[in-house]
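Working notes for the structure below.
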Amino acid sequence: MSFRNSVTIVASPRSRVGKTLLARLLIDFHVQERREVAAFDLNSGGGTLAAYVPSLTMASDISGTMGQMALFDRLIAEDGVTKVVDLGHESFEGFFSLASKIGFAEEAHRRRIAPAILYVITPDATSVESYRRLRSLFPQAVLAPLHNEIFGVAQHRDKYELAGKLPTQLPLLAPGLRRYIDSPPFSFTDAAMAASRIPPAVQAELQAWLRRVYREFRELDLRILLADLKSSIGFGS
Amino acid sequence: MAKPTVILVGADKGGVGKTTVARTLLDYFGAHQTPTRAFDTESPRGTLKRFHPEQTEVVDVTAVADQMKIFDTLGSSDARVTVIDVRAGLLSPTLQALSDIGFLESAKKGQITFAVFHILGPSIASLNEIAETARFVGDANYFLVKNRINDTTFFEWDPKTYNSYFKQIRGAAEISIPKLNEMACEQVELASQPFVSFIANKDAGGQTANYSFVLRGYVRHWLGNVWGEYDRVKLIDLVAPKLESVRHQAAG
């Protein structure tokens, strides 16, 4: 069975937990896997996904019906494109409320698109409750918890109903490297750009970090594929 | 044979969503496999007929010939339910005509199941129709349908005013129709399709259409809520009590 196109929603009800960095990394991961990618940026202000990856990203606004159509009709289009949504915390409630109302996950399944929510877990009660709610609202979607190592050793996993699954990890990037990748636009797969910005001595460390990230994403791919297989043969996800 | 059911959908005031409610009823009975026919009294054009052409006939409900076409065929028609979409201004005259021909008397005797869906808009003029309509309805199933075509509260913030309209009619049941997203509403209008066909993304020929997924989602969610209201007032039990009883027994 071939891998179905996926829609991955990078989400957290909290700000500044690394969602945009994750979305950037996911885009580059898919590009490296030779998949056609489209990304959607639901953030306000500067330093957003659209600024980092302008060629692949569409700025989206779901406050009106036209914007909702522009986003969701594209997300469920059967166009063979892998999609990444960077869901700003201001749009978290509105996005999932609308997605539930219009039956987004069910329609995606009907169209052989695998919906996944990459959820950045943090120890606060709002995040724990939102995770629990997403699990019950979107049983057809793969809800993948992710721990950002920048927040230290995860000591809050027991607060989440993880059903024995280990969270995906976003490895810690050495603080000194961060400045090289934080000025938009920036693509991890653009070798020329990386060469012009990053000193050769540092590039090896960055590549090692990227390899760890991509290894995590490959496991995430497998998790989505497995859930997809299970649901297609009637075992649920 | 089950006794026929006649549902009158109307209001004397225009623009309150009578045809929209009639369309939801046709879709609802269709989903319950209940044979239904409809009469559109917006003669000669007919709005309901545009959405449900195969089930709907346009009639002039004030003409005796057309009254015969509707009421003399209740027993012989294959349809168990007859939905009549009464055009603006004709609700009271239609009820008067039904009284004159003895239809209301037959309903009172239980020979026919009769229900009135009185569609109310967010204005005192619309609510003032309730007393006038109730005068005719008597023992019929009288539904006060609050059609929330905008963000109206139907004076719920003023209990005295609200109760003076909604709590005065004994046995009347309230149905609340939520507001449908404007763009979704317009897209269904353009499509000229039953709501269920639009949701299923089908055009008039049954072919896959290209309606917006978001707008279809809005309509599906809205129609689900409307049908939830019909379920709450046990509309299908009213129309086919024996059938439902058997079905429930079988399910049990």
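Placing unit charges on the Cβ atoms of the charged side chains and taking the dipole of chain A about its Cα centre, the candidate lying farthest along the positive direction among A:Gly164, A:Trp209, A:Ser231 is A:Gly164.
Let me spell out the model: positive unit charges on the Cβ of Lys and Arg, negative unit charges on the Cβ of Asp and Glu, origin at the Cα centre of chain A. What dipole size does that give, in debye rounded to 20?
Charge dipole, chain A, about its Cα centre: 440 debye, nearest 20.
When the Cα positions of B:His118, B:Phe198, B:Val16 are compared along the charge dipole of the protein assembly as shown, B:Phe198 comes out farthest toward the positive end, with charges on each C-beta of Lys, Arg, Asp and Glu. With 24 Å as the limit, write out which pairs from B:Lys108/B:Lys167; A:Lys83/A:Lys230; B:Lys146/B:Lys234; A:Lys83/B:Lys202 have Cα-Cα distances beyond it, or answer none. Pairs exceeding 24 Å: A:Lys83/B:Lys202. Only helices enter this figure: runs of n ≥ 4 DSSP H residues, each worth -39500 (n - 2.57), summed and divided by the residues of chain A, yield -14000 deg cm²/dmol at 222 nm to the nearest 500.
Basic side chains Lys and Arg get +1 at the Cβ, acidic Asp and Glu get -1 at the Cβ, and with that the dipole of region B:5-180 about its Cα centre reaches some 320 debye. Each other residue within a Cβ distance under 12 Å of B:Asn225 adds +1 if Lys or Arg and -1 if Asp or Glu, for a net charge of +3.
Can you give the relative contact order of region B:5-180 as a percent, counting alpha carbon pairs under 8 Å and 6+ residues apart?
That works out to 27 percent.
Counted without the sites themselves, the longest stretch of chain B free of trypsin sites (Lys or Arg not before Pro) in a DSSP loop having at most 10 other beta carbon atoms within 10 Å is B:171-252. Across all directions, the shadow cast by the convex hull of region B:5-180 built on its C-alpha atoms averages 9.8 square nanometres. So which helices of chain A fit the span-like rule, where a helix is a whole DSSP H run, its Cα atoms reach 20 Å or more along the axis, and its mean Kyte-Doolittle is at least -0.5? TM-like helix candidates: A:200-232. Here is how the number arises for chain B: DSSP H runs of 4 or more residues each give -39500 (n - 2.57), the sum is divided by the residue count, and the result at 222 nm is -12500 deg cm²/dmol.
Among B:Val9, A:Val120, a tally of other beta-carbon atoms within 10 Å of each Cβ gives an order, fewest to most, of A:Val120, B:Val9. Between A:Leu222 and A:Thr189, the FRET efficiency estimated from the beta carbon spacing at R0 = 30 angstrom works out to 0.90. The modelled label-to-label distance for the pair B:Arg45/B:Glu105, using points 7 Å beyond Cα in the direction of Cβ, is 3.8 nm.
Region A:180-206 and region A:135-175 have their alpha-carbon centroids 27 Å apart. Pairwise alpha-carbon distances in the protein assembly as shown exceed 32 Å for 53% of all pairs.
Taking Cα pairs under 8 Å and at least six residues apart, what relative contact order does region A:5-232 come out at, in percent?
Relative CO of region A:5-232 lands at 24 percent.
Taking the convex hull of the alpha carbon positions in region B:1-50 and averaging its projected area over all directions gives 4.2 nm². Bridgeable aspartates and glutamates around A:Lys101 (alpha carbons under 17 Å apart, same-chain partners fewer than 8 residues away excluded): A:Asp73, A:Glu93, B:Glu182.
Using the count of nearby Cβ atoms within 10 Å as a rough guide to exposure, how do A:Met193, A:Met69, B:Met68 rank from fewest to most?
Arranged by neighbour count, lowest to highest, A:Met193, A:Met69, B:Met68 become B:Met68, A:Met193, A:Met69.
Every number in this text was worked out from the coordinates using simple rules, so none of it is lab data. In this text, all values refer to a predicted model and were calculated from it rather than measured experimentally. Neighbour counts run over all protein chains shown; Cβ positions are idealised from the backbone, glycine included.
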